[in-house]
Amino acid sequence: VAEARQHAADAAAAVVDAEKAVGDARRGVEEATRAVTKAEEDAADAAEAVVTATEDLATAEREATGDSDAMRNALADVVKAEEDLAAAQEDSLTAQQTLDEARANYGQTLAGLARDAGGAADDVLTAEIRLRQAQEALANLGKDGKPVTADDRLAAEIAIRDAQRAVEEAKIRAAEAQAEYDRNQQAGVEGSDAVVDAHGRVEDAADNEA
């Protein structure tokens, strides 16, 4: 009986040991499962890192050869700046040529202004002659013995008023033409209208070129 009891106790102890072993085995499985999951996650991260690194490498290689949006934009800006500079230089050259021509043509310009002033003065004289003729025509109405109607007299009076307006307008134009000639003649070459205007274009072109 004692021996049977001992066997029973040994068997119970063996069961306890077996159950502990099973528990340890289960924990081992869980730890192994977690390790597998972590390894899979690490592998996925590593794979993604490889893809990212590959893309970064490709981008760096393109940029190293100038094949990038930033490089293309920069090159386009350089081309545009060079075109703008060339246009500004051309404008500057044209403006300088215009200034040189204005200086060289000052004498001709002044002579032209003198002719304009003389022509405008002659226009005043011509208008005054026509006014006197209109006044004489009104004064001579009926002196030839022909009947004079109210319309005849009205037409003669209107002709006088028209002639008077023409005289006033001619005097204004003559005064303006003479003033322009006097201003350019007194100002000399550098102060003449054409040269001053050309100077302004040269300065504007220089500003654009800077």
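The values are calculated or read from the model by the stated rules, or taken from the named source; none is laboratory data. What you are looking at is a predicted structure, and each value in this text was computed from that prediction instead of being measured. Cβ atoms come from the backbone with ideal geometry, glycine included; neighbour counts cover every protein chain shown. To get the accessible areas, we keep the full protein, side chains included, count just its heavy atoms, and leave off ligands, DNA and RNA. Shrake-Rupley method; radii C 1.70, N 1.55, O 1.52, S 1.80 Å.
Observations, loosely collected:
- When segment 108-150 is filtered for residues that are open to solvent by 90 Å² or more (accessible area, probe 1.4 Å), more than 21 Å from Arg165 (Cα to Cα) and in a helix (DSSP H, G or I), the ones remaining, listed by number, are Gln108, Arg115.
Conditions tested, residue by residue: (1) at pLDDT below 75; (2) hydroxyl-bearing (Ser, Thr, Tyr).
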| position | (1), (2) |
| --- | --- |
| Glu41 | no, no |
| Glu48 | no, no |
| Glu61 | yes, no |
| Ala64 | yes, no |
| Ser68 | yes, yes |
| Ala76 | no, no |
| Val79 | no, no |
| Ala86 | no, no |
| Thr94 | no, yes |
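- Residue tally, condition more than 30 Å from Leu138 (Cβ to Cβ), open to solvent by less than 90 Å² (accessible area, probe 1.4 Å), free of Cβ contacts under 8 Å to residues at least 12 places away in the same chain and aliphatic (A, V, I, L, M), over segment 158-210: 3
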